[in-house]
1. I'm checking my understanding of the structure. Among residues of region A:214-267 that are among the small types (Gly, Ala, Ser) and surrounded by fewer than 20 Cβ atoms within 10 Å (Cβ to Cβ), which one is farthest from the other protein chains (Cβ to nearest Cβ)?
2. Confirm whether residue A:86 is more than 23 Å from residue A:188 (Cβ to Cβ), small (Gly, Ala, Ser), in a helix (DSSP H, G or I) and more than 7 Å from every other protein chain (Cβ to nearest Cβ).
3. Count, please, the residues in region C:108-122 that happen to be touching a residue at least 60 places away in the same chain (Cβ under 8 Å) and of a type in the set (Val, Ile, Thr).
4. Exactly one of (1) more than 14 Å from chain C (Cβ to nearest Cβ); (2) touching a residue at least 24 places away in the same chain (Cβ under 8 Å); (3) surrounded by fewer than 19 Cβ atoms within 10 Å (Cβ to Cβ) is unmet by residue A:102. Its number?
5. Let me confirm something: among C:83, C:116, which residue is within 22 Å of residue C:42 (Cβ to Cβ), part of a helix (DSSP H, G or I) and out of contact with any helix residue (DSSP H, G or I) (no Cβ under 6 Å at 6 or more places or on another chain)?
6. Suppose we filter A:137, A:115, A:130 for residues that are within 25 Å of residue B:241 (Cβ to Cβ) and either modelled with pLDDT under 95 or more than 7 Å from chain B (Cβ to nearest Cβ) (or both); which single one remains?
7. Within the bounds of region A:53-67, is there any residue that is at the interface with another protein chain (Cβ under 7 Å from one of its Cβ atoms) and either crowded, with 17+ Cβ neighbours inside 10 Å or touching a His at 6+ places or on another chain (Cβ under 9 Å) (or both)?
Amino acid sequence: MRSGRLWPVHLVLAVGAAAMVMPFFWQVLTALKSFTEATRMPPVWIPSFEWSNFAEVFEAGPFLRQFGNTVVMTAGRTLAQLLFCSLAAYAFARLRFPGRNVIFIALLSVLMVPGQLFLIPQYQIVQSLGWLNTLPGLIVPGMFSAFGTFMMRQFFMTLPAEVEEAARLDGANPLRIFWSVMLPLARPGLLALGVLTVLWSWNDLMWPLIVNTDPEQMPLSAGLSALQGEHMTDYPVLMAGSLMASAPIIVVFVIMQKQLIQGIAFTGSK
Amino acid sequence: MSALDRAVAVRAAARPSARRRLRDREWVWGYAMIAPLVLGLGVFYLWPVAQSVYYSFTEWTLFGDATWIGLDNYRQVLTDPANAKALRNTFLYGGLTLLGIPVSIAVAALLGTRGLKLVSFYRTLYFLPVVTMPAAVAMIWSWLYNGDYGLINYALSFAGIEGTSWIADPDTALYAVAVVGIWTQIGYNAVIFMAGLQSIPSHLYEAASIDGAGRVRQFFGITLPLLSPSVFFVSVLSVINGLQMFDLVYLLFRKGNPAREETQTVVSLFFSRAFEEGAKGYAAAMAVVLMLITLALTVFQFRMQKRWVHYA
Amino acid sequence: MTGKAWALVCAGALVAGLAGCSSSDGGSSDGKVTLTYAYWDKENQGAAMEKIAREFTRTHPNIEVKLQFTPNKEYWTKLQTAAAGGTAPDVFWMNGPRIGLYASQGALLPLSDRIARDKVDMTKFPKSLVDLYTLDGKQYGIPKDFDTIGLWYNKKLFDAAKVDYPDENWTWDDVRAAAKKLTDPAKGVYGIGAMAWPQELYYNTIFQAGGYVVSDDKKKSGFDDPATIEGLKFWKDLLDQKLSPTVQQMTDNDPIEMFKSGRLAMWYDGSYDAPQYFRTEGLDADVAPLPAGPKGRATVIHGLANVIYAKTRHPQEAWEFVKFLAGEQANRIQAETGAVIPAYEGLQETWVKSMPKFNLKAFIDQLPYARPYPVSKNTAAWSRPELDAMTKAFTEGQDVEAVAREFAATMNAALAQEK
């Protein structure tokens, strides 16, 4: 097909993309307006650049602290998942031990159960460990993932067997093979799982709402919810807060786009 | 030398007895390597399922003591009209989001046009809503939907339509939130469809072209049937995601919103019962019933797929 | 999690340069104690609370007070979760609707013995408030402040529509007549805001119409009483005549914001919101006593109390702080910042003078006929469905009487469950 005939495709895609992006445009524009400007009809298209909306977000709650909590939570969950899932996934994919398939299927059954079935006991476990309103309470239950294990196992199974057979014969033990031979090869899979986990963790709302009631220990998602509870309809401030809370993950996505797309394509092809 | 090269090189010098020795102790390594995960999933996921089932037969006081009450919770869960309403809302919401699938297919098909430039640019834009924090999405849309100052009502005013307070009006709120749901899913689904499209062998299109089939006929004759596994997967996912609907509903419909009753989903109701009202036993029973519904639905969908999904 | 892993997480936090790794236990090695004090109104009272906490630490150098703010809408959910989990703040604000539940479930430290031992003079506080926080003969909270409801009005809008300002002689008819004259759809201005809020709006009119919310023996709902329904209809009529924005509009745009930005000419609101109206630039407003209904005058009086969490790790220090909060100095700080009307005898005048441009005396003048905020032992069990039902009743096309009667049955069932 000659490129001359591609312009209708571009037109349709561009119009669609504009519709998809419009809400963000409106978010940014409102964040820069004063309250009076925001509540004017017809709308004001050139804002007066009210940076005080952003300052107001920092006044309304411990935003920086919550940002830090979110970073720590996301990093903790993601690194742990990458380690624990790939370690176990390698064993499930390549090592032989009694009960291997039974254990694997038992773990996978977690994927079939709606999350609500875990929540109440999870809350109690965290409570009895004295972890309510702490970062470990926020992080630890999210460090283990049946989905991640499944995904990494599938990935390891696509790697040719010869690779580690060779290292094995060289006398290397499985942990060593895993660490220095398989893990480097599994980079694409790890990156895909990592990006998916970062995304899920950064945006997670329900668990933080449940375990961390102290604003100082909340991540941004729960902090935003509190901001909305307080400044119910002060839209410029709400837009400024939501913009600052979601921007970091959008940046990560733009950089790691390929890995995220691969991860999602994987979930679609299993 | 890459890890692969090195491994292959090592293999060339391998001796069979080394392999033997290793096999003997393999199970120890196996258990050791799965131990952290099994422990974590066991403590935080598998054991809680059993506990939840137990809790569903108990009643809790507000600040935490439990007594055995048999099937009472289930009796209440199954007869409470609020649950029936929430289930209806949940299914309606899940069903409405299915309407986004044709849009996603169209986007994927257009992005798959051969020779198209700027593909990753478009993909980024369509994908933005997927990665945006739901708490932020809720704020943005509650502002767009605002009855007095919302952009949507402003746009409608050009068509002479006087819009309502979309998310405070019991008649429109559920549809309004479904639109947000579709908006957040289009990009995600399009990615899955793009992967599906790529797996369709190009010689089929070439053959069809030779037979004189136009692009539209090619789409309906080849693309759509061969894409059906992806369509199936996405619809299962949409329905299951619909059943899990919480964040947007929690954030958009707070106490005192007149549309609250019309928009509560099973999970948002579970959340208020378990963590706002402290009725943990009752909520556990809700979770068990939800699991049975999810299971039944999944089985049903897999049965139905034989009728329309075409595996190449 | 092992100590090492925890240290790793902390290291991550340090790298991020933001989150500290303080332990959640308030105690520390040098004998200093940190108390957590939870409250829900930062907008109006944040400044006063901070000042009080500072003053307390100045006089009690070994006790630090950390303020924990949670917005009103989430306060009780969070508190309940925290109380069930054993992690509630040491000292926190309590209100009338919740005291019965929290005290009867053992979540609060009884204070009677300590009050007697340290000779705290409870007669300095209004008796109705002291009684509100007494359960089965035990005192669980010490009154912090009280509030009544007044008729706020926008002077600019009244002048423009040439309507006389409200005064103590106004009745419901005057409100209706003024609302009609003040409403100007072209400018998006409404005469009054008729939101389904109990304390600020319909409880007042229910009492003014001679109705009741819950019977004195706490056994029966008043929502099927004709007088109560009349009190609800007062608002519903204003809504039906489009003299108020719809409930939907006021969900999208908070009526308090609408009053501040000159879109509501009249607005029933509590003395506790005076500071934010005082601070709003360009708002030329004042306040008058609530207009009389068919059965005379009434306003809802309610007051908060400071309570101590039963499982606090520092009961002695918490008591010291609550005692300080109950003292004249802390009450004076509250009065001077205009945050709320302090509960302590003799300081009301200080509060009235804190915002001279408002006729704050209107709130105090209503005391002789003020009616206590209606509560029962487990108020939350019926107040939650009440909000849903009344919100529904106030929306367009709903029959307020039918909804109220239907809710009365729900409420009676909830009351029957109380022991």
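1. A:247
2. Judged against the criteria, residue A:86 is not a match.
3. Filtering region C:108-122 down to residues touching a residue at least 60 places away in the same chain (Cβ under 8 Å) leaves C:108-109, C:111, C:114, C:118, C:120.
Narrowing further to those that are of a type in the set (Val, Ile, Thr): C:120.
Adding up the residues that qualify gives 1.
4. (2)
5. None of the others qualify; the one that does is C:83.
6. Going through A:137, A:115, A:130 in turn, the sole match is A:115.
7. Yes: region A:53-67 contains one or more residues that are at the interface with another protein chain (Cβ under 7 Å from one of its Cβ atoms) and either crowded, with 17+ Cβ neighbours inside 10 Å or touching a His at 6+ places or on another chain (Cβ under 9 Å) (or both).
Conditions (1) at pLDDT 90 or above; (2) part of a helix (DSSP H, G or I); (3) more than 16 Å from residue B:60 (Cβ to Cβ), marked per residue:
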position: B:268; (1), (2), (3): yes, yes, yes
position: B:287; (1), (2), (3): yes, yes, no
position: B:292; (1), (2), (3): yes, yes, yes
position: B:295; (1), (2), (3): no, yes, yes
position: B:300; (1), (2), (3): no, yes, yes
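The values are calculated or read from the model by the stated rules, or taken from the named source; none is laboratory data. Small disclaimer: the values here were computed from a predicted structure and weren't measured. Positions of Cβ are generated from backbone atoms using ideal geometry, with glycine treated the same way; all protein chains shown enter the neighbour counts.
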